[in-house]
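Asker: Mind having a look at this structure? Questions to follow.
The values are calculated or read from the model by the stated rules, or taken from the named source; none is laboratory data. Please read all numbers here as calculations on a predicted model, not as lab measurements. Cβ: placed from backbone, ideal geometry, glycine included. Neighbour counts: every protein chain shown.
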There are 4 protein chains.
Amino acid sequence: MLLTLDHLNSAAQTDFVAALESIFERAPWVAEAACAKRPFPTLAALFNAMTDAVRSADPTRQLQLIKGHPDLGERTAALTAASKAEQAGARLDDLSKKDLERFERLNTAYQTKFSMPFILCVRRHTRESILGQFDRRLQNARDVERETALTEIFRIAALRLADHVIAPDQLKVHGLLSTHVLDTSRGRPADGVSIELFEVSATDELRVMAKAVTNADGRTDRPLIEKRPLPIGRYELRFAVGAYFARNGTVGDPAFLDIIPIRFAMTEPEGHYHIPLLAAPYSYATYRGS
Amino acid sequence: MLLTLDHLNSAAQTDFVAALESIFERAPWVAEAACAKRPFPTLAALFNAMTDAVRSADPTRQLQLIKGHPDLGERTAALTAASKAEQAGARLDDLSKKDLERFERLNTAYQTKFSMPFILCVRRHTRESILGQFDRRLQNARDVERETALTEIFRIAALRLADHVIAPDQLKVHGLLSTHVLDTSRGRPADGVSIELFEVSATDELRVMAKAVTNADGRTDRPLIEKRPLPIGRYELRFAVGAYFARNGTVGDPAFLDIIPIRFAMTEPEGHYHIPLLAAPYSYATYRGS
Amino acid sequence: MLLTLDHLNSAAQTDFVAALESIFERAPWVAEAACAKRPFPTLAALFNAMTDAVRSADPTRQLQLIKGHPDLGERTAALTAASKAEQAGARLDDLSKKDLERFERLNTAYQTKFSMPFILCVRRHTRESILGQFDRRLQNARDVERETALTEIFRIAALRLADHVIAPDQLKVHGLLSTHVLDTSRGRPADGVSIELFEVSATDELRVMAKAVTNADGRTDRPLIEKRPLPIGRYELRFAVGAYFARNGTVGDPAFLDIIPIRFAMTEPEGHYHIPLLAAPYSYATYRGS
Amino acid sequence: MLLTLDHLNSAAQTDFVAALESIFERAPWVAEAACAKRPFPTLAALFNAMTDAVRSADPTRQLQLIKGHPDLGERTAALTAASKAEQAGARLDDLSKKDLERFERLNTAYQTKFSMPFILCVRRHTRESILGQFDRRLQNARDVERETALTEIFRIAALRLADHVIAPDQLKVHGLLSTHVLDTSRGRPADGVSIELFEVSATDELRVMAKAVTNADGRTDRPLIEKRPLPIGRYELRFAVGAYFARNGTVGDPAFLDIIPIRFAMTEPEGHYHIPLLAAPYSYATYRGS
């Protein structure tokens, strides 16, 4: 349910807390503490008030907050609705038997070592990077890992706030992936070029994430990914330039260049990745642009 | 068995014919006719003498020559040894059930229309381009198709001659695929870069054709394909630049560029394809070079 | 003096005509004719009304309009203020003795052949392209040349209207030249890169037209040329990437790449030319972008 | 006068010394010492014997060798023939009054500080880099500078040996500058492209060093510079691609790309600089290749 910041600023305390209690998992006390700091001129100010409440809580309460989160892979247990939708994004409900076993092994090792659930803002990750995070965080000392868990809880909270509250400002929780196709043999944007974006798995399997066609300016009408974090992982863009050049007079059977694949990694979920393609019938170039 | 041109020039006629009778399938009369034109200063001269003999034969004999060839897909029939090795190259002995049915359907249609076997120099083709040839040649008029069959027979003969006879000259029957990796951030060849070459099927499956590692000059010690025709088809080169840049100090987890795939088609089996990669940690370019 | 379209729509006829009489040189009748068509919702509508008045005038009056224009090179005669400022742009007041002679020779030839002044919207041209226009238009037939003269008069008028009238719409009379510098070795915009734009003369002399420094996004805060037509001619951009790479750790004395010159022509005065530079310490690329 | 190494190995001692006495300026004792080490299987062995003789000489004799060299700018004094030809290369005989004064000022400062002539292998330098060397070496301590002078004397000697003696091996004293033009819109070498190579002075004046036209392979028949050291300095290559693209059907008046200038520095006189141009009608790229 969408709420405005104005509404939250003027709501009764119980309504305020009820509206925001799901931002921090099973911890309505965070919303209660923030409520006392009203009014908030910006969403950032509200977010800061909530994270301040957590930061200034005593360690026992912080640990309680951490332990209030569900296991990442706890499939049979009751997940809160918000957690469930987030975890479906990284398709943890759809693991192969082998992956599931690896996942559960890591999860068990983590809980054994730290006595707390493995918390991760999964919307910032792909399946591959979640496994990588497990491996890496299992090496952490206990206090470092508690700190890491809080950081992830704040990321989850920021995304939930951004999803639910309409405000004059925006939290920096989303990334952007865009592209642009130039025909360097004619010095103009390449229009009508079909583009596909795939996520690339550890075993090089491709999963379609977006499809688009370039417009008269050689761009897509909307970014390939927007209004969400860019999941850390490996990607492949495919540009159907063969059909474009054929329409513009270049022949060849098959053409020297047909589908151009560009494979790259994104590691900044809140970043802007611009991946242009400069193509002529027998040459192309790409780069991380801005 | 390798023979020198000198040896052929001075051999007894029966030996000459015996040595060359397999160049034109079941047609020793071609070698006999060429024998009368000895000596040959070059392999090209010998080849021309043989093709002249076919060209000047009457149409009935030409048709006999054509019909002397095995069906491309005749898997149970007795193939001559030379044909068998050539057809294994395009893996016609390893077709899926569905492909085999398509293949046999086209083959039957061809024989029904033209009353002669479908002849193709398969070493110049991939599975995909063979099927494409079938489709296209089925549209031909009868006389055009006879001419096409002779052209293919000459290509087969030229390759067989090049395989069996050592001469001062070489027939232009082989192609070349080479590459070169430059590190444009350091202005020097990229050494130690692993490269894989794949053939890409119609359904985008990849079949490894060659592997290599770049040397100190950023090149491979030997061309990726040489001493054979380049089969008409689609290919993908993969360059492991991520490991190279990591060795040279560029970090990222994962790196923005790791495996760079370059997908291209080759349509000139006797051509030289040079496909360089110019790479920096966040940019690359490729082109058909020379 | 700037006027709003609203003001023109509601002004007394004499004021309307007085305000616009200089749009068409010594031809207040054009403004008078347009006045009768008020009100104009857009500047384009006003402009069309004025050109319609010229188009529907009889040939004698059109010729009168043409002859009312000053000679392009008439340096001693009295120029109207608007013409004078425009011609200073292409520096016709600053010609070498040799160029001046060539100019006057062409001008005399033109007047002899056509009995009318050579009219050209000089703000769309450089000295070189003016001379080229002379050469080309001297080949025209008389009626083609009258048509050409009217086209140029309309271009002059459109620019004058755009300069003097504030309206909700804009006439398409201006062009844009922009750039963008990417550091492809680090995958980010190159900031602090000094850029110079030169006009290149027929004898390869360079005249500075603009200077700028790239901002954090690798772009210049304002386009290199904007709010005016792009004079048809040859240009050189110079990017001081050596200093940029030195600040970022690449050494070399001197550096392999220091000042990168990019030479290009612009032939569409109302177009958008985007000329990016993709640079690494030992490599660069450029293209006409969008 | 050219001599073979065999001839030197078997010549009388006086002839050997006479043949090589000019290799080290006014120091026949170096040739004498080397003579005792004959025979030399390679030119490198002969060169090493001569430099060993200098290295093992006592400091007084080394200083004598250094002082036996002419002043770099000593224009009125008698230069040995070999020195004269070498210095004409960097055009020290053709300095402007202002440059000459700067030159003489640096020269005087050097002699005052070090009491010895400024020795530099000028064939490895341009005017600009000579002045840079002066500035830098004036900062040196006396012993460092004596060592530097010997290094330069060895470079001069190596070049003189390479010029005069024919041997099975070659001293690594020469560099190479080559280029290659690819048409990336057609995937083939660009032939018939006129190329000019200029040396760029500190004040951006261009001096022609070489002209060439690309052949069918897009290369020049001979390297732009070969069989000599590459003078340390700044250079500009100009490629007339406009004419090439016009011949191949791309229009534009003027064309977007006409003369493409590439400006770069060379700092390794014995290196190989390969500077390719990848060009399409609206795009190009260059890089230091190999």
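Asker: Which residues, counting only those in the stretch B:206-243, are without any contact (Cβ under 8 Å) to a residue 12 or more places away in the chain and within 21 Å of B:R127 (Cα to Cα)?
Answerer: Listed by number, the list holds a single entry, B:R207.
Asker: A further question follows. Name every residue in the stretch D:244-267 that is farther than 15 Å from C:R234 by Cα and under 33 Å from the mean Cα position of the chain (by Cα), in order of residue number.
Answerer: Across the stretch D:244-267, the qualifying residues are D:Y244, D:I262, D:R263, D:F264, D:A265, D:M266, D:T267.
Asker: Can you tell me how many residues within the stretch C:215-253 are more than 11 Å from chain D (Cβ to nearest Cβ), over 29 Å from C:E128 (Cα atoms) and β-branched (V, I, T)?
Answerer: Residues that pass the stated criteria total 1.
Asker: Related question: Is it the case, given these coordinates, that C:F256 is within 14 Å of chain B (Cβ to nearest Cβ) and under 24 Å from D:Y273 (Cβ atoms)?
Answerer: Against the criterion (within 14 Å of chain B (Cβ to nearest Cβ) and under 24 Å from D:Y273 (Cβ atoms)), C:F256 qualifies.
Asker: Let me ask another. Within the stretch B:127-137, can one find any residue that is under 29 Å from B:E236 (Cα atoms), among the hydroxyl-bearing types (S, T, Y) and in a helix (DSSP H, G or I)?
Answerer: yes
Asker: Now a separate question. Condition test on B:Y282, is it free of Cβ contacts under 8 Å to residues at least 60 places away in the same chain and among the hydroxyl-bearing types (S, T, Y)?
Answerer: Against the criterion (free of Cβ contacts under 8 Å to residues at least 60 places away in the same chain and among the hydroxyl-bearing types (S, T, Y)), B:Y282 qualifies.
Asker: Filter the stretch B:1-51 for residues that are of a type in the set (S, T, N, Q) and buried (at least 16 other Cβ atoms within 10 Å of the Cβ); which is nearest to B:D163 (Cα to Cα)?
Answerer: Out of the qualifying residues, it is B:S22.
Asker: Let me ask another. Exactly one of (1) surrounded by fewer than 18 Cβ atoms within 10 Å (Cβ to Cβ); (2) closer than 23 Å to B:G175 by Cα is unmet by B:I225. Its number?
Answerer: That leaves (1) as the condition not met.
Asker: Condition first: surrounded by fewer than 19 Cβ atoms within 10 Å (Cβ to Cβ), farther than 29 Å from D:F47 by Cα and without any contact (Cβ under 8 Å) to a residue 12 or more places away in the chain. Can you find one or more residues in the stretch D:113-130 that meet it?
Answerer: No; the residues of the stretch D:113-130 include none that is surrounded by fewer than 19 Cβ atoms within 10 Å (Cβ to Cβ), farther than 29 Å from D:F47 by Cα and without any contact (Cβ under 8 Å) to a residue 12 or more places away in the chain.
Asker: Being buried (at least 20 other Cβ atoms within 10 Å of the Cβ), outside any strand (DSSP E or B), within 14 Å of another protein chain (Cβ to nearest Cβ) and of a type outside the set (S, T, N, Q): is that true of A:F264 here?
Answerer: No; evaluated as a whole, the condition is false for this residue.
Asker: Here's something else I'd like to know. Of all residues being in a loop (DSSP other than H, G, I, E, B) and of a type in the set (A, V, I, L, M) in the stretch D:163-183, which is nearest to the chain's Cα centre (by Cα)? Just the residue, please.
Answerer: This residue is D:V173.
Asker: If you go through the stretch B:186-195 one residue at a time, do you hit one that is surrounded by fewer than 19 Cβ atoms within 10 Å (Cβ to Cβ), modelled with pLDDT of 95 or more and polar (S, T, N, Q)?
Answerer: yes
Asker: So B:S115 clears everything in (1) on the phi > 0 side of the Ramachandran plot; (2) in contact with a Phe, Trp or Tyr (Cβ under 6 Å, 6 or more places away or on another chain) except one condition, right? Which one?
Answerer: Only one criterion in (1) on the phi > 0 side of the Ramachandran plot; (2) in contact with a Phe, Trp or Tyr (Cβ under 6 Å, 6 or more places away or on another chain) is unmet by B:S115, namely (2).
For every residue, the table says whether it meets (1) part of a strand (DSSP E or B); (2) over 24 Å from the mean Cα position of the chain (by Cα); (3) crowded, with 18+ Cβ neighbours inside 10 Å.
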residue	(1), (2), (3)
A:E199	yes, no, yes
A:D217	no, yes, no
A:Y235	yes, no, yes
A:G242	no, yes, yes
A:P269	no, no, yes
A:A279	yes, yes, yes
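Asker: Still on this model: Answer yes or no: is there a residue in the stretch D:274-287 that is polar (S, T, N, Q) and either within 14 Å of chain A (Cβ to nearest Cβ) or under 15 Å from C:P261 (Cβ atoms) (or both).
Answerer: Checking the stretch D:274-287: at least one residue is polar (S, T, N, Q) and either within 14 Å of chain A (Cβ to nearest Cβ) or under 15 Å from C:P261 (Cβ atoms) (or both).
Asker: Further, regarding this structure: In the stretch C:158-174, is there at least one residue being in contact with a strand residue (DSSP E or B) (Cβ under 7 Å, 6 or more places away or on another chain), crowded, with 21+ Cβ neighbours inside 10 Å and within 14 Å of chain B (Cβ to nearest Cβ)?
Answerer: no
Asker: What number goes with the only condition from (1) of a type in the set (K, R); (2) assigned to a loop (DSSP other than H, G, I, E, B); (3) under 18 Å from A:L20 (Cβ atoms) that A:R186 does not pass?
Answerer: Status for A:R186: all satisfied but (3).
Asker: Taking the stretch C:176-192 only, how many residues are more than 14 Å from chain B (Cβ to nearest Cβ), in contact with a helix residue (DSSP H, G or I) (Cβ under 9 Å, 6 or more places away or on another chain) and either charged (D, E, K, R) or within 22 Å of C:L230 (Cβ to Cβ) (or both)?
Answerer: Adding up the residues that qualify gives 1.
Asker: Hey, another quick one. Could you list all residues from the stretch A:244-258 that are surrounded by fewer than 20 Cβ atoms within 10 Å (Cβ to Cβ) and not in a loop (DSSP other than H, G, I, E, B)?
Answerer: Within the stretch A:244-258, A:A246, A:R247 qualify.
Asker: A further question on this structure: For the stretch B:201-215, give me the residue count where each residue is of a type outside the set (K, R), over 22 Å from B:T267 (Cβ atoms) and assigned to a strand (DSSP E or B).
Answerer: 2
Asker: Any chance you could count how many residues in the stretch B:138-155 are under 13 Å from B:F118 (Cβ atoms), part of a helix (DSSP H, G or I) and not basic (K, R)?
Answerer: 5
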